[in-house]
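Everything below concerns the one structure shown next.
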Amino acid sequence: MLQDLTVRKAVEFAITVEELGEKTYRRLAKKFSDDQELVELFEGLAADEDVHRKQFTKLLETAEKLDEDNMDYERKQYLRAMSISEFFSKSHGPFKDAAEFESSADALQAAFGLEKALVGFYTAMRDVLGHDTVLEEIIKAEKQHTITVMKLMMSDGKYRTLQDQWA
């Protein structure tokens with residue numbers, strides 16, 4: 001998908017990933033509709049991914065530097081590797097069909113994998129783009145998602161606020 005990677009293509013890919021993430025989280029909310037905590041988690045993540053999609057769309061429309069292909073070979077290959085390795089695994093990738101998840105633990109593990117992959121991919125994008133306030137906000141939000149999902153995984157699916165200690 002990202003064979004001839006440019007910064008613009010990386011942002012376009014981020015938009016697609018956010019769309020897929022939103023759809024996946026909405027499917028998970030429906031699948032686990034009998035568990036209100038999971039519904040709240042997945043609906044909240046879906047809403048956030050929609051916000052991120054809109055932020056990336058605005059970045060795509062306004063950032064002139066996206067038209068410059070100034071990525072050196074190493075950065076281009078790293079960014080490409082981060083996208084391929086995490087997002088397109090058919091056996092365990094985060095966009096696996098939600099109907100295939102047999103338990104809430106499976107769903108949480110997939111959500112954790114997606115959020116972790118997004119942090120890695122967007123951090124690699126930052127290496128290419130440099131500091132961008134919108135991208136920094138998205139990375140911060142994705143890191144927070146990772147923490148929130150991990151807390152649920154570690155607390156047997158019981159949501160606790162971010163101020164709670166867990167181990």
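The values are calculated or read from the model by the stated rules, or taken from the named source; none is laboratory data. The model shown is predicted, which means the values in this text are computed figures rather than measured ones. Every residue, glycine as well, gets a Cβ built from its backbone with ideal geometry; the counts of neighbours run over all protein chains shown.
Being farther than 15 Å from A14 by Cβ, at pLDDT below 95, part of a loop (DSSP other than H, G, I, E, B) and among the polar types (S, T, N, Q) is the requirement here; does S85 meet it? No, not satisfied. Candidates in region 96-110 are the residues that are at pLDDT below 85 and part of a helix (DSSP H, G or I); of these, the one that is surrounded by the most Cβ atoms within 10 Å (Cβ to Cβ) is A98.
The set of residues from region 28-49 being part of a helix (DSSP H, G or I) and surrounded by fewer than 17 Cβ atoms within 10 Å (Cβ to Cβ) comprises K30, Q36, E37, V39, E40, E43, G44, A47.
Per-residue answers, yes or no, for (1) more than 24 Å from A124 (Cα to Cα); (2) modelled with pLDDT of 90 or more; (3) among the acidic types (D, E); (4) in contact with a Pro (Cβ under 8 Å, 6 or more places away or on another chain):
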position	(1), (2), (3), (4)
L5	no, no, no, no
V11	no, no, no, no
I15	no, yes, no, no
E18	no, yes, yes, no
T24	no, no, no, yes
Q36	yes, yes, no, no
A46	no, yes, no, no
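Among the residues examined, I147 qualifies as at pLDDT 90 or above, β-branched (V, I, T) and exposed (fewer than 15 other Cβ atoms within 10 Å of the Cβ).
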